[in-house]
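What follows is a short report on a single structure.
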Amino acid sequence: MASSPWQHLNETSTQVHGQNQSCHIVCNPLYTAYFTLPAKDRLSVIEVLRDLAPRGFRLNAEALTYLAAIQLATKTLAVLAALAQDQELDEAGLGALLAAHLPGLGPQAAKWIRDATAVAAYHAQVGYPVVRLLVCDDAPQFKGETADLGLCWVHEGRHYKKLTPFLPAHRRNARQQGLAAARAAAPGDPAAQQFGGSRRPAAGAETRRELRPAK
């Protein structure tokens, strides 16, 4: 983690003794590390960024700000604000604190509180370098842990595939590139299927689509 202010993190499904788990891959140009955990939630991401150190939770101003932003119930926020202490708790300690002061807490609110206090503890700890920029996909479990978040080129490129060219010149260019890619691909190659194979639509059909007025 100290090798760079940014890290690339991705997750993929895997099986351990027949049970579904998640493999977390953390890397930059200098190294690659693999962590297999039962889940791929925010707590697991923080656990990976802390090199599997025991989970920590901190109920402080940062955690309260996070919970207010996601609109945790006002009454629950008021109770937590009165309990706020700038010291790290383990899972058992946080669970005991919530059980004693918020016995009727629902599972979703409890998850939000665990996430918020875990992020706050990660930012406050000094045992491991805090990652400034995380390059990953836009899954919700990656949001909030780092100051900056960036999409890797594979995930960012998916958005460009959804764009529809508006100007005729751009449409022709996109169509030519798609046909060239399809011709270069071997029969049955997924890339050929992605661009509709090597079959060119009828010229008349293309003209009608291009000239159709926008609704």
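None of the figures in this text is laboratory data; all of them are computed from the coordinates on show. From a predicted model like this one, the values you see are computed outputs, not experimental measurements. As a convention, Cβ positions derive from the backbone with ideal geometry for all residues, glycine included, and neighbour counts pool all protein chains shown.
Some points to look at:
- Straight Cα distances below 23 angstrom link LYS40 to the lysines LYS111, LYS143, with same-chain residues fewer than 8 positions distant left out.
- Taking CYS23, CYS152, CYS136 and counting other C-beta atoms within 10 Å, the order from fewest to most: CYS152, CYS23, CYS136
- With R₀ fixed at 45 Å, the C-beta to C-beta distance from LEU77 to GLN19 puts the FRET efficiency at about 0.75.
- If R0 is 22 Å, the Cβ-Cβ spacing of LYS161 and LEU133 corresponds to a FRET efficiency of close to 0.30.
- Each residue in TYR34, TYR122 was given a count of other beta-carbon atoms within 10 angstrom of its own, and listing them fewest first yields TYR34, TYR122.
- The ranking of VAL16, VAL126 from fewest to most other beta carbons within 10 Å of each one's beta carbon is VAL126, VAL16.
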